[in-house]
Amino acid sequence: MRTIRTVAELREHLRATHGTVGLVPTMGALHAGHESLIRVAREEADHVVVSLFVNPAQFNDPRDLAAYPRDEQKDAAVAARLGADVLFAPAPGEVYKQGHSTKVVVEGLGEILEGAHRGPGHFAGVCTLVAKLFNMVQPDLAYFGQKDAQQVAVLRRMVADLDFPLEIRVCPTIRDPDGLALSSRNARLSPEHRQKALGLSKALNAAAQHGLQAGEAVLAEYGIAPEYFAAVDPETFEAPGDLIVIAATIGHTRLIDNVKAATPDSRGADPKGAVSVLPTP
Ligand code: AMP
C-alpha cells in the first residue's frame, strides 16, 4: 500500500491504474466499522483508495475537533492489512488551499435533524469535502456506513443533483456484541458512560419492535435525554417513516445511531435483524 499526500501525486498514480476505483472516505481511528467498508470495497473494486482526513469544516465544536482521536500509523497498518492500494492522507492545507471559498450545500435535507443540531455547516462541510474527494479520486464506487444514515441520504442527493458519475454503496452498521454501534468517539466514553450509551441501541430496538413510546421508556430508564429520537423516511428524513434515528450526548461524547423499524413479519425476531442497509433508490 502506498501513502499519498498530494492531489498531484494521487492523480499521477491513478492515471497508471486500470479497472474500477473504490473510495472509502474516513476520518481515521479505524475500527471494525471502517474495516467492513474497506473489505467490501476490496471485493468489489479493482483499486481501493482509503482516504484519511479529519475534516475541520464538518466540526461545529472546536473541542470535538481537537479531541478527535488520531493515529495514522495504526490506520495505515489496518488499511494495508485489508488490502487497500492507497492511503490518501492529505494535510489540511492540501485540501483547503489558501482562499478556499466554495461550499456544497444540500438544502432542506442537510438542514434538519443532524443538520439542525450540529448546525447547517456540518453537512456543508461533509458535502464539500466528499465532493472534493470525488473529484480528486474520481471513483466508480464510494463506500459509506449506514451508521451515518442521514449523511448517506445527503450524499445521495448531492451525487444525483451534481451528476457525479459514481455509485454509492452503503454497508450495515457494525456493533459491539452488546449492541453499541462502533464509533471512533466510543474511545472517549468512561466505563459508566459506555454502560449508559447502551441505552441508545436498546431504545432503538424497543422502538423498532414496539413503537417510539417503548423506546422513550428505555431512554428514561437509562437517564438519556436525546437531542432527537424520531421515526423518519430514510430518503427525506421527514417524519413519519420506518427509520428510527437518535442522537444523544453521553458525558461529553455525542453519539448517533439508527435502525430500521421491524416489519410485521420480523417483529419479535432478533432485534439485530432490525438493522439493515438503506434501500438503493
Ligand atoms: P468516520 O471516520 O466516522 O467519518 O466514518 C467513515 C465511514 O465509516 C462513514 O461512511 C461511516 O458511516 C462509516 N462507519 C462509521 N462507523 C461505522 C459502523 N459502526 N458501522 C459501519 N460503518 C461505520
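The values are calculated or read from the model by the stated rules, or taken from the named source; none is laboratory data. Please read all numbers here as calculations on a predicted model, not as lab measurements. No Cβ is skipped: glycine too gets one built from the backbone with ideal geometry, and neighbour counts run over all protein chains shown.
Which one of Glu107, Glu72, Glu114 is within 30 Å of Met1 (Cα to Cα) and either crowded, with 19+ Cβ neighbours inside 10 Å or out of contact with any strand residue (DSSP E or B) (no Cβ under 6 Å at 6 or more places or on another chain) (or both)?
Within the list Glu107, Glu72, Glu114, the selection yields Glu72.
I'm trying to understand the selection: among the residues of the range 162-191, which are touching a residue at least 12 places away in the same chain (Cβ under 8 Å) and outside any loop (DSSP other than H, G, I, E, B)?
Glu167, Ile168, Arg169, Val170, Cys171, Arg175, Ala181, Ser184, Arg185, Asn186, Ala187, Arg188
Can you pull out the residues in the range 177-221 that are under 19 Å from the mean Cα position of the chain (by Cα) and more than 16 Å from the ligand (Cβ to nearest atom)?
None; the set is empty.
For Gln58, only one of the following conditions fails: (1) under 23 Å from Thr128 (Cα atoms); (2) modelled with pLDDT of 95 or more. What is its number?
Against the list (1) under 23 Å from Thr128 (Cα atoms); (2) modelled with pLDDT of 95 or more, Gln58 comes up short only on (2).
How many residues are away from the ligand (no atom under 12 Å from the Cβ) and within 19 Å of the chain's Cα centre (by Cα) if we restrict to the range 34-63?
The total comes to 7.
Go through (1) within 23 Å of Glu35 (Cα to Cα); (2) in contact (Cβ under 8 Å) with a residue 40 or more places away in the chain; (3) surrounded by fewer than 19 Cβ atoms within 10 Å (Cβ to Cβ) for Ser201 and report which single condition fails.
(3)
Which of (1) more than 24 Å from Gly125 (Cα to Cα); (2) in a loop (DSSP other than H, G, I, E, B); (3) not hydrophobic (A, V, I, L, M, F, W, C) is the odd one out, the single condition Glu43 does not satisfy?
The number of the failed condition is (2).
Is it true that some residue in the range 54-66 is part of a strand (DSSP E or B), under 23 Å from Thr173 (Cβ atoms), in contact (Cβ under 8 Å) with a residue 12 or more places away in the chain and touching a Phe, Trp or Tyr at 6+ places or on another chain (Cβ under 9 Å)?
no
For the range 43-53, enumerate the residues that are in contact (Cβ under 8 Å) with a residue 40 or more places away in the chain and surrounded by fewer than 17 Cβ atoms within 10 Å (Cβ to Cβ).
Residue satisfying the conditions is Glu44 alone.
Residues to consider are Val245, Val159; find the one that is part of a helix (DSSP H, G or I), closer than 25 Å to Gly108 by Cβ, modelled with pLDDT of 95 or more and within 16 Å of the ligand (Cβ to nearest atom).
Only one candidate qualifies: Val159.
Which residues, counting only those in the range 9-33, are within 14 Å of the ligand (Cβ to nearest atom) and farther than 14 Å from Ala142 by Cβ? Break it down stepwise before answering.
Quick first cut of the range 9-33, residues within 14 Å of the ligand (Cβ to nearest atom) only: 22-33.
Result: Met27, Gly28, Ala29, Leu30, His31, Ala32, Gly33.
Name the single residue, out of those in the range 140-154 being within 9 Å of the ligand (Cβ to nearest atom) and assigned to a helix (DSSP H, G or I), that is surrounded by the most Cβ atoms within 10 Å (Cβ to Cβ).
Ala149
Of everything in the range 155-186, what is of a type in the set (Gly, Ala, Ser) and either surrounded by fewer than 18 Cβ atoms within 10 Å (Cβ to Cβ) or under 18 Å from Glu43 (Cα atoms) (or both)? Give them in sequence order.
Correct list: Ala160 only.
Go through the range 8-30 and count every residue that is at positive phi and out of contact with any helix residue (DSSP H, G or I) (no Cβ under 8 Å at 6 or more places or on another chain).
Number satisfying all stated conditions: 1.
Filter the range 117-131 for residues that are surrounded by fewer than 20 Cβ atoms within 10 Å (Cβ to Cβ) and either more than 26 Å from Arg254 (Cα to Cα) or small (Gly, Ala, Ser) (or both); which is modelled with the lowest pLDDT?
Across the range 117-131, the extreme among qualifying residues is Gly119.
Restricting to the range 7-32, name every residue that is in a strand (DSSP E or B) and in contact with a Pro (Cβ under 8 Å, 6 or more places away or on another chain).
Val21, Gly22, Leu23
Among the residues of the range 67-102, write down those that are within 20 Å of the chain's Cα centre (by Cα), of a type outside the set (Asp, Glu) and assigned to a loop (DSSP other than H, G, I, E, B).
Tyr68, Pro69, Arg70, Leu82, Ala84, Ala89, Pro90, listed by residue number.
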